[in-house]
Each structure stands twice: as C-alpha cells, then as structure tokens.
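J.: Questions regarding the structure given below will be posed in turn.
The values are calculated or read from the model by the stated rules, or taken from the named source; none is laboratory data. Note that the coordinates shown come from a computational prediction; the quantities given were computed from them, not determined experimentally. Virtual Cβ from ideal backbone geometry, glycine too; neighbours counted across all protein chains shown.
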Amino acid sequence: MQGKTILLIVGGGIAAFKSLELVRELRRAGVRVTPVLTENGARFVTPLSLGALAEAPVRTSLWDLEAEASMGHIQLSRSADLIVVCPATADLMARAATGQADDLASTLLLATDTPVLMVPAMNVRMWEHPATVRNIATLRRDGIDVMEPDVGEMACGEFGPGRLPQVPAIMAAIDLALDDFDFAERPGPNRWLAGKTAIVTAGPTHEAIDPVRFLGNRSSGKQGFAIAAALAHHGVDVRLIAGPVDLPTPHGVKRTDVVSAADMAAAVAERLPADIAVMVAAVADWRVEKAPGKLKKSAAGPPLLQLVENPDILATTGHSTQRPRLVIGFAAETGDLLDNAAAKLARKGADWIVANDVSHGIFGADDTHVHLVTAKGSEDWGPSSKDTVAHRLALRIADVFCPDKERPDPDAD
Ligand code: CTP
C-alpha cells in the first residue's frame, strides 16, 4: 500500500479514538492520509491529534472556503485511492445509504467515484436493528465494502457484534481493497457467494494417549478461522469444524468443536454435501490406542506407543461421491514446497493447495507466506497476514462460482 492515498472519514463514536491507531499504522506503511472529521467525531478525537498523526490538515466542514478555493469537496472525494470510514456509525451509514449530503462526510461519500470501505462500530442492538441491516444491505448493493464488526463486550457493557474490528484486520482489508479488489467491477462484494455452503476445518487435532495425555501439534487455527470469516463475509453458509483452539467463533459461522481426527472426519462427512471444502486443519497423521487408565512409570521402562494412521479427511472428501465442486487443501512443508504441494494436489484429489513453508515459525503467528498451487501451476502470494490470505482466497473462490457473466442481479435481494 506504500505511496497510496487514503481519505479517512472519522465518525462520531466511542471507537473514534482507535482511528488514531489506524492512522499511525497507515503512515508507518507509507500511506498518505487525508483526514476528515465529522462534527460528532470531533467530540471523541481532536482535529489536532488526528492532524498531527496524519501529518496533514484535517477537513471538518463543507464550508471551509479557504480549502474550497484550493480543493473543492468533489475533487477531495476523488483524489484518494480509497475512502475509509472508521468508525462508520449507524447514523453515518444510514445517511450514506439514503444519499444524503448534509455535511462534509456524507457529501464526499455521495460525490465520489473512489472505492469505499466502511468499518462499523456501534452498540449491538443498533447493529442488529432492521433499519441498520437494511442500510448495510443497500450500501453493499451499491458496491461499498462494509466490514463485519467484531463480537465482544462493548463500551456500554453489552455483549455481541458491533465492536470495531482490530486494527490489523482493518489494515488487511485496506491492503486488499488497494491491491486487487476492483469495486467498480464488482458491485455488492458481499453477495457473490450467497447461497453457497462451505465446510472449513481448522486447528490441530488431539489424539489421546491415555485420559490425561495426547499427541498434538502447534496449529493455532488462525488461518482456518480467518477463511471461515472471509467466506461468511461473502455470504457463504459456513460450517466450521474446529479442533481444540482458543479462538472466538467468527460472526455468522456455524461451528462444531471436535478433538480427534476421527471426530473431525465424522463431522465433515456428516456435513456433506457442500459446494466448497477448505481443509485447513493440521490433522494428526497418527493416533494411538488410548489406554483406559493413566499410564504409570514402571520398572519395565517407558511404554511403547504403537501409532496407527488416521483417516485423511481431505483425500476422503476429494474422492467422495459427494465431492464438493471446489476442494481446497493446505500443505505445511519444511522443504521442496512446490513439488510436495503439487504431489498432494494429485494424491488428495484437491483442486487447489495453499502451500506454506512452516520451517520459519508460521504456526501461531498472524503473518504467513503462501503459494497457491493449482493444476495450472503456482502463484507466490508473498508475505502477508493470514486475514489477507483468507480474503484473497475467498475472492478466488468467488471467481469460480461467479464468473463475470453470471453475476447476481445487484438489485435482487
Ligand atoms: N489432512 C487431512 N487429514 C489428514 C491429514 C491431512 O485432511 N489425516 C489435510 C490437511 O487439512 C491439509 C492437507 O491434508 O489440507 C495436507 O496436510 P499436511 O499435514 O501438509 O499433509 P500430510 O497429509 O500430513 O502429508 P505429509 O505427511 O506428506 O506432509
């Protein structure tokens, strides 16, 4: 995103102070920020702090004649590569959805032909209110990308969806919007995969040795959860089968928790048929016969663990009579990345393999470096966050199910 310009509209909500952190991250990434503060936004952050961090003058009023002389609001609205509204309040989104232009922010949003990304933050009841749901559907239909808010405890003490997403997630969405998300070409990004179903596996599996011990691995589940979230964001009905991980369920995702590979295999089989399968879990390749009681130390020496191979869930799905139209696997490799991934593609009956080199501590990290391997060859997606990989993958999936000619009618509900 280096060298790009973002017009940042800061709305009036308690989350407005987090926009300062976003500005700092954007500046660190080499992005020019043109800040616009709404009248209510100025109740939460001062123009001075916003302008100091952005290293640019803050625009607050439509009637700033001096600035109008040098750059009118029309030009201002079109001078950026992307407009980001953060936080996007219920009121600001309602006004944008109905095309009002009664202050600088709403006028800019109406006058622009630049892609817009909205980052909502509001009370859970406001988020779930039919009026807000309607307004967001309208905005998305108009081609505006509205992020899903985080789920959690709110400043007002209530719990649910409505919290501003974490700054790294906003940065990933901005990165994607600037990189290869052609908003003009793809109105209503969140509807591309509506009506499709996906099974996503994530996290490790634990194979019991006895009632207190298990065989496991270092998978955090972050990549699988990010993919489940990205697919849900694009309208997919996602069934997430999660191994033992400590992660919140992404908004709109149906989650089933499992422990062992056998449980995961059964949960996947139960949820077929589906349109898409994305097998991200680091399934344990072997299990042992579980001892009924805790294994004790004895004079006879340590117990010998007899390993038995687990079912391969990806291969079973890839060769199933109920095979999803698109089967995607992951490959964790410590050498010969592309050759091993290509071999897995054929062996497991997958359409794509997302290959990553795990020799440099990708397990548990927020960042990764993957290659997409298909029958046609491989693409290096470069170093990026796991969220960015998830969104890129979701867009590629949308390309399969919704090529240009078959786009849904943007006016249909
Ligand atoms: N996988 C699976 N079931 C298994 C093992 C792996 O579904 N029992 C899936 C993973 O979810 C991933 C892909 O297969 O999508 C590749 O996993 P990986 O651990 O890289 O490969 P392995 O099958 O273990 O092969 P190898 O031992 O050669 O690395």
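J.: Which of the numbered conditions does Pro302 fail, given that it passes all the others? Conditions: (1) part of a loop (DSSP other than H, G, I, E, B); (2) more than 11 Å from the ligand (Cβ to nearest atom); (3) in contact with a Leu (Cβ under 8 Å, 6 or more places away or on another chain).
T.: Of the numbered conditions (1) part of a loop (DSSP other than H, G, I, E, B); (2) more than 11 Å from the ligand (Cβ to nearest atom); (3) in contact with a Leu (Cβ under 8 Å, 6 or more places away or on another chain), the odd one out for Pro302 is (3).
J.: Can you spot a residue in region 96-118 that is surrounded by 19 or more Cβ atoms within 10 Å (Cβ to Cβ) and farther than 28 Å from Arg27 by Cα?
T.: Yes; the residues of region 96-118 include at least one that is surrounded by 19 or more Cβ atoms within 10 Å (Cβ to Cβ) and farther than 28 Å from Arg27 by Cα.
J.: Looking for whichever is near the ligand (Cβ under 10 Å from one of its atoms), in contact (Cβ under 8 Å) with a residue 40 or more places away in the chain and part of a strand (DSSP E or B) here; the options are Ala277, Ala265, Ala284, Ala208. Which one fits?
T.: Ala277
J.: Are any residues in region 2-43 part of a loop (DSSP other than H, G, I, E, B) and hydrophobic (A, V, I, L, M, F, W, C), and if so, which ones?
T.: Of everything in region 2-43, those that are part of a loop (DSSP other than H, G, I, E, B) and hydrophobic (A, V, I, L, M, F, W, C) turn out to be Ile14, Ala15, Ala29, Val31.
J.: If you check Lys348, Lys376, Lys386, which single one turns out to be surrounded by fewer than 17 Cβ atoms within 10 Å (Cβ to Cβ) and at negative phi?
T.: The unique qualifying residue is Lys376.
J.: Now for a separate question. Would you kindly identify the strands (runs of 3 or more DSSP E) lying entirely within region 332-396 that contain at least 1 residues that are within 12 Å of the ligand (Cβ to nearest atom) and in contact (Cβ under 8 Å) with a residue 24 or more places away in the chain?
T.: Output list reads 352-357, 367-374.
J.: Please find, within region 184-205, the residue that is modelled with the lowest pLDDT out of those that are away from the ligand (no atom under 16 Å from the Cβ) and in contact with a strand residue (DSSP E or B) (Cβ under 6 Å, 6 or more places away or on another chain).
T.: Only one residue tops the list, namely Pro189.
J.: Return yes or no: is Lys290 touching a residue at least 24 places away in the same chain (Cβ under 8 Å), away from the ligand (no atom under 16 Å from the Cβ) and more than 18 Å from Val354 (Cβ to Cβ)?
T.: Criteria met by Lys290.
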